[in-house]
Amino acid sequence: MKGVVLAGGTGSRLMPCTKVTNKHLLPVYNKPMIYYPLQTLIDAGIKEILIVSGPGHAGHFLNLLGSGSEFGVKFTYEIQEEAGGIAQALGLAEDFADNEAVAVILGDNVFEDNFKEEIQSFKKGAKIFIKEVPDPHRFGVVELEGDKVIGIEEKPKNPKSNYCVTGLYIYDNEVFDVIKTLKPSERGELEITDVNNHYIDKGKMTAVKVKGFWSDAGTFDSLLRASILVKQKLNKN
């Protein structure tokens with residue numbers, strides 16, 4: 001299995017900090033944000049990782065991360081020319097995937113758990129990682145039947161569960177054919193929700209419940225929250 005970190009976007013919610021660099025290079029406590037999703041993949045035993053970023057600050061990633069030798073893995077880089085959505089960014093990984101399954105993580109997601117077992121045991125279909133939250137109406141909410149996902153509803157007024165979709169996904173190689181069939185949403189982007197719904201409709205989507213902390217870091221509040229969670233974990237250790 002290969003890994004993909006999606007680190008594009010303009011970071012408009014973190015302006016003016018993102019005027020001079022990509023949001024995924026801003027600090028979460030004591031490390032650049034992108035170190036956390038990279039570590040999630042590396043801890044799961046993934047040795048080849050593609051980093052997809054926008055054209056604005058692509059060189060900053062290369063300067064920071066290099067070839068991956070410092071991390072004991074191999075990094076490859078790809079540019080998403082315009083903000084066309086998460087699914088479009090993932091589509092750029094087709095050649096890199098080379099017919100293998102892919103573990104995909106959003107560059108602003110910080111997880112406490114180690115997912116090696118869940119990632120290494122993956123065979124086919126799709127798998128999402130879900131977290132119980134107190135405010136599910138802010139997220140994509142999962143409807144479950146056992147560990148099988150039967151629906152995902154974006155920011156519902158009346159959530160069918162308290163479990164939301166985090167930014168970690170595993171897909172078999174069919175995902176690239178699915179992306180080619182997608183139509184842009186109202187905001188003009190290819191949506192990862194549409195990819196997930198394809199697998200749900202085929203009955204090929206399962207879910208893993210995240211036990212430890214999880215936070216994105218795409219707003220000032222969540223960036224602060226992620227930093228505090230990381231600091232608290234380090235203090236415990």
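Summary table below
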{"read-out": "Residue match in the range 204-221 (condition: without any contact (Cβ under 8 Å) to a residue 40 or more places away in the chain and at negative phi)", "value": "yes"}
{"read-out": "Every pair of residues 6+ apart whose Cβ atoms lie under 8 Å, when the first sits in the range 161-187 and is free of Cβ contacts under 8 Å to residues at least 60 places away in the same chain while the second is of a type in the set (K, R)", "value": "Y163/K131; Y163/K209; C164/K131; C164/R138; T166/K131"}
{"read-out": "Residues of the range 160-188 satisfying the condition of being surrounded by 18 or more Cβ atoms within 10 Å (Cβ to Cβ) and either touching a Cys at 6+ places or on another chain (Cβ under 9 Å) or charged (D, E, K, R) (or both)", "value": "D172"}
{"read-out": "Close pairs (8 angstrom Cβ cut-off, 6 or more residues apart or separate chains): without any contact (Cβ under 8 Å) to a residue 24 or more places away in the chain and under 12 Å from Q88 (Cα atoms) in the range 1-12, hydroxyl-bearing (S, T, Y) and surrounded by fewer than 24 Cβ atoms within 10 Å (Cβ to Cβ) anywhere", "value": "none"}
{"read-out": "Criterion: surrounded by 18 or more Cβ atoms within 10 Å (Cβ to Cβ) and of a type in the set (G, A, S) - qualifying residue of G151, G140", "value": "G140"}
{"read-out": "Within the range 138-230, strands (runs of 3 or more DSSP E) holding 2 or more residues that are out of contact with any helix residue (DSSP H, G or I) (no Cβ under 7 Å at 6 or more places or on another chain), closer than 23 Å to S121 by Cβ and of a type in the set (V, I, T)", "value": "163-171"}
{"read-out": "The range 48-98, subset hydroxyl-bearing (S, T, Y) and outside any loop (DSSP other than H, G, I, E, B), residue surrounded by the fewest Cβ atoms within 10 Å (Cβ to Cβ)", "value": "S69"}
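Read-outs: derived from the displayed coordinates by stated rules, not from any lab. None of these values were measured; they are calculated from a predicted model. Note: ideal-geometry Cβ built from the backbone for every residue, glycine included; neighbour counts use all protein chains shown.
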